[in-house]
1. Which ones in the range 40-66 are more than 16 Å from the chain's Cα centre (by Cα), within 25 Å of LYS6 (Cα to Cα) and part of a loop (DSSP other than H, G, I, E, B)?
2. Could you please let me know if ILE122 is modelled with pLDDT of 95 or more and touching a Ser or Thr at 6+ places or on another chain (Cβ under 9 Å)?
3. Counting only residues that are in contact (Cβ under 8 Å) with a residue 40 or more places away in the chain and more than 22 Å from VAL58 (Cβ to Cβ), how many does the range 16-29 have?
4. When you scan the range 149-173, how many residues do you find that are out of contact with any Ser or Thr (no Cβ under 8 Å at 6 or more places or on another chain) and either in a strand (DSSP E or B) or free of Cβ contacts under 8 Å to residues at least 24 places away in the same chain (or both)?
5. Considering only residues of the range 134-178 that are of a type in the set (S, T, N, Q) and surrounded by fewer than 16 Cβ atoms within 10 Å (Cβ to Cβ), which is nearest to GLY117 (Cα to Cα)?
6. Would you be able to say whether some residue in the range 93-105 is at positive phi and in contact (Cβ under 8 Å) with a residue 12 or more places away in the chain?
7. Quick one: ILE96 ticks every box in (1) closer than 15 Å to LYS159 by Cα; (2) touching a Cys at 6+ places or on another chain (Cβ under 9 Å); (3) not basic (Lys, Arg) except a single one, so which number is it?
8. Among the residues that make up the range 59-79, is at least one of them modelled with pLDDT under 95 and surrounded by 13 or more Cβ atoms within 10 Å (Cβ to Cβ)?
Amino acid sequence: MINKYKAHPWHGINIGPDAPSMVTAFIEIVPTDTVKYEIDKESGHLKIDRPQKFSNVVPTLYGFIPQTYCDIKIAEYAALKTGRDIKKGDGDPLDICVLSERAIIHGDIMVQAYPIGGLRLIDKGEADDKIIAIMKDDEVYSGCKDISQCTVAVINRLKHYFLTYKNIPGLEKPTCEITHVYGREEAYEVINRSIEDYKNKFSPLQPSQREGETRDKPHDK
């Protein structure tokens, strides 16, 4: 009976047999969206997180890699690379930006993509990496095998979005910082660590235990 129901995008979709060189990406938002959608962790349905308040919009397909989690292993790697005291990840699945020449008009879809690098983003002291990938078989971007082969404009657009998308001009200091733009091999390490964090967080629990944990958790008011 369980196969008759939609899989939870975070826990029920497989990352793919060739990870980290090819991964499944679950896309939540696309460049034409004027609100930020994200997965509701309990139900697995797409929900509105917040309107995009200003003119900045996500420049690529944006979502997460299923069965990943940003926690201790991700934080340890960020601390190693930055020399900072970073104790934890942001507690979400690993984010991914997928480049494609094609105009995808809505999210809530799965995409096969190969990572070429990433942005090491620190958000309020927490590791919040953004993997950058290319959609499988994309005719324009398929020549890029590493982030060093992307144009500077593409990377700058991504950096600008993540450095400004939470800011209210004049009312608060920036909360996000990008310390590094890194290449493919380092992206593979980040993905592998996020898989390990996921297993450490969720694998010890049986599905029934995980559901009970969700039910017993008090809701935010």
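1. Residues satisfying the conditions are GLU42, SER43, HIS45.
2. Here the answer is yes, as ILE122 does meet what is asked.
3. Adding up the residues that qualify gives 5.
4. Counting residues in the range 149-173 that are out of contact with any Ser or Thr (no Cβ under 8 Å at 6 or more places or on another chain) and either in a strand (DSSP E or B) or free of Cβ contacts under 8 Å to residues at least 24 places away in the same chain (or both) gives 9.
5. Among residues in the range 134-178 that are of a type in the set (S, T, N, Q) and surrounded by fewer than 16 Cβ atoms within 10 Å (Cβ to Cβ), the one nearest to GLY117 (Cα to Cα) is SER148.
6. no
7. (2)
8. yes
The values are calculated or read from the model by the stated rules, or taken from the named source; none is laboratory data. Please read all numbers here as calculations on a predicted model, not as lab measurements. Here the Cβ is made from the backbone with ideal geometry for all residues, glycine too, and neighbour counts use every protein chain on show.
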